[in-house]
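Below is one structure; the comments refer to it alone.
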Amino acid sequence: MNQRFRITRSMHPDATDQEISLEECQDYFSSKADFTYQTVLTVKGEESTMSIKGDFFMWQYGEALIPFRHYMGELYVAISHQEIVPLMMEIATDLRADIVEG
């Protein structure tokens, strides 16, 4: 099972704005060559396919696409590969935010 983390400013003492806005994320991730923006995440299982509407910044890692989801002023990501951890830490630092499990 993957661990889920959120990148948030709700606990960061240096944050001037408590929320991470969608516009801020779009600006930030558009400068990253290995990220794309999607408004629907499609998850395919063996017997079904599920589509989730939202704001997703998809990181290309080899053949995998790893979603960073913007939701209610925070970013969420599940750690499915260890390579996500340093990237998640870099994103949190750049956005002046903290990482919280859950």
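All of the numbers you see were taken from the coordinates with simple rules; none came from a lab. All figures in this text were calculated on a predicted structure; none of them were measured in a lab. Cβ: placed from backbone, ideal geometry, glycine included. Neighbour counts: every protein chain shown.
What order, most packed first, do the peptides 84-91, 34-41 have when packing is the mean number of other Cβ atoms within 10 Å of each residue?
On the way: 84-91: 16.1, 34-41: 13.4.
Those peptides, ordered most packed to least, come out 84-91, 34-41.
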Do you know the relative contact order of region 55-102, to the nearest whole percent, from alpha carbon pairs under 8 angstrom that are 6+ apart? 20
Using 7 Å Cα-to-Cβ label points, what is the residue 39/residue 72 separation (nm, one decimal)? 2.2
With axes computed from alpha carbons, what is the tilt in degrees of helix 84-94 against the longest principal axis of the chain, rounded to the nearest 10 within 0 to 90? 30
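Report, in deg cm²/dmol and to the nearest 500, the calculated mean residue ellipticity at 222 nm for the chain, where each DSSP H run with n ≥ 4 adds -39500 (n - 2.57) and the sum is divided by the residue count.
Working: 2 runs with 20 residues, N = 102.
Result for the chain: -6000 deg cm²/dmol, rounded to the nearest 500.
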Toy charge model, Lys and Arg Cβ at +1, Asp and Glu Cβ at -1: the chain dipole around Cα centroid in debye, rounded to 20, equals 220
Just want the answer: with Cβ charges of +1 for Lys and Arg and -1 for Asp and Glu, which residue in 89, 28, 48 is farthest toward the dipole's positive end in the chain? 48
